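> Okay, here's the structure, questions in a sec.
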Amino acid sequence: MNDLTNPNDAINLATNRYQITLNCLDNPKIKLSAQQVLEILAARDELQRALKDEQSIPPDLLSQIYDLDAKLKGKADKINRAIALAEYRESLPEPPQDWWWQLDSKNANLLLKGLAVLTWTGSLGLLANIASRFLSGGVGVVGAAAIFFPSFLTMLQARSELTEAGQQRFENTLVQLGVPHQYREPIKFLTLLMLFGFLLGFWFLIPTISEIYNQQGLRSAKNGSLGTAQENYQRAIALDPDNVSAHYNLGNLYEDLQEFDKAKTEYLIAVQGNVPEAYNNLGRLFIQQKKYPEAVSLIQQGLLLAGKTEGPTEVKYNLFKNLGWARFEQNRDLEAWQALQVATGIAKNPEIAPYIANPGSSYCLLAQVLDRQKKPAIAEWKKCNELGSTLNPDEDTWLNLSYQKLQEVKP
């Protein structure tokens, strides 16, 4: 330590007093009192006034003051346990801005800086995740806006936080607004937290946006715009891979386009999401591939699932129809007849019939079952002929068969 050879020198006296008041910080076993802390701060205030009045400070004295300040900073935790600095600052006529009166803010700022790093990491991770989802499904107008807006906000925040010029502008703004020094770091962190909150909220909205694309795909498919429908389904899936409805709709579209392998892939994903319609369609594909046991297993699982939910009755119609079809191909006519009786019964319901796209299929299959059993099937063949459509690949062959059967019974 520096020898104080001139006791009349104000700066030396102030340094000596400051040094003496800091001695109470040395013994970890002695509890610090609020009075002792205030004496330390008052001594540092006195030293600061002396430093301002001194035109030239000797290097050795400056070094001593630096060491004393470092000691004070290192005991900030002990000081904060002894006194609530914020309350004492409010009691003063003018809130002090000097760092030794902000030792509690110093610790808080260190915590805020640590939290800021974590928040920045989270924000950038969310932004990367959001951008990758929109980009992987094809950008589009909505996708471009969804990427641009969060990216623009993140860029503005990054400029104010991570560049020197941005930090200075933000600091100047806070000064112009009259924000006290101790509140500036919390305000900076608050703006970063607001950005993170926005990105997190946007991320939680992604499934909703995905479903919007899915519904747009359905409308496009209904209007015959299959290419646009496919793009919308793919965007919906890119945004939310767990959107099983979009997977099912895309599988349905692929099946219409005769891309059966792709359809099968999408149906398999939809099946994992317990979509009864997917069980039905995948089961029908297995029937067409002559994989009857696999088809029956899927269709029965679909029926169990449909029985537990209040899904549309036309789904149950298709499941029973395809179960009857599979059993017919397995030569298990009694089981086929039982399933097809249920399907035709559903198709006869006038409230449900308008929603069934292929009511003729169940009658065509039931007629074949009865015909193979040498039982009368004229009524069923007539219904098959009346309700069937050559636009349905399955019914096309059956309609030709019904025509032949009806010709045989003409007088």
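The values are calculated or read from the model by the stated rules, or taken from the named source; none is laboratory data. Owing to the predicted nature of the structure, the values given are computational and were not obtained by experimental measurement. Note that we place each Cβ from the backbone using ideal geometry, even for glycine, and neighbour counts take in every protein chain shown.
> What's the number of the only condition in (1) more than 26 Å from N400 (Cβ to Cβ); (2) crowded, with 19+ Cβ neighbours inside 10 Å; (3) of a type outside the set (K, R) that E294 fails to meet?
Status for E294: all satisfied but (2).
> Go through L366, L387 for me and flag whichever is at pLDDT 95 or above, surrounded by 15 or more Cβ atoms within 10 Å (Cβ to Cβ) and among the hydrophobic types (A, V, I, L, M, F, W, C).
L366
> I would also like to ask the following. Give me a count of the residues in region 319-341 that are without any contact (Cβ under 8 Å) to a residue 24 or more places away in the chain and hydrophobic (A, V, I, L, M, F, W, C).
Summing the residues that are without any contact (Cβ under 8 Å) to a residue 24 or more places away in the chain and hydrophobic (A, V, I, L, M, F, W, C) in region 319-341 gives 2.
> Select from region 186-227 the residues that are polar (S, T, N, Q), in a helix (DSSP H, G or I) and without any contact (Cβ under 8 Å) to a residue 24 or more places away in the chain and write down the one among them that is farthest from L253 (Cα to Cα).
T208
> Is it fair to say Q35 is of a type in the set (S, T, N, Q) and free of Cβ contacts under 8 Å to residues at least 40 places away in the same chain?
It is true that Q35 is of a type in the set (S, T, N, Q) and free of Cβ contacts under 8 Å to residues at least 40 places away in the same chain.
> When you scan region 248-265, do you find a residue that is under 28 Å from T121 (Cβ atoms) and either out of contact with any strand residue (DSSP E or B) (no Cβ under 7 Å at 6 or more places or on another chain) or among the β-branched types (V, I, T) (or both), even just one?
So far as region 248-265 goes, no, none of its residues is under 28 Å from T121 (Cβ atoms) and either out of contact with any strand residue (DSSP E or B) (no Cβ under 7 Å at 6 or more places or on another chain) or among the β-branched types (V, I, T) (or both).
> Working only within region 390-409, note down all residues that are over 50 Å from the mean Cα position of the chain (by Cα) and buried (at least 16 other Cβ atoms within 10 Å of the Cβ).
L401, S402, K405
> Separate question: Return yes when T5 is modelled with pLDDT of 85 or more and more than 57 Å from the chain's Cα centre (by Cα) and no when it is not.
no
> In region 233-252, is there at least one residue being over 26 Å from the mean Cα position of the chain (by Cα), under 19 Å from Q288 (Cα atoms) and assigned to a helix (DSSP H, G or I)?
Yes.
> Additional query: Quick test for you: out of Q36, Q64, Q19, Q48, pick the one residue that is touching a Cys at 6+ places or on another chain (Cβ under 6 Å) and either under 22 Å from A84 (Cβ atoms) or surrounded by 13 or more Cβ atoms within 10 Å (Cβ to Cβ) (or both).
Being touching a Cys at 6+ places or on another chain (Cβ under 6 Å) and either under 22 Å from A84 (Cβ atoms) or surrounded by 13 or more Cβ atoms within 10 Å (Cβ to Cβ) (or both) holds for just one of Q36, Q64, Q19, Q48, which is Q36.
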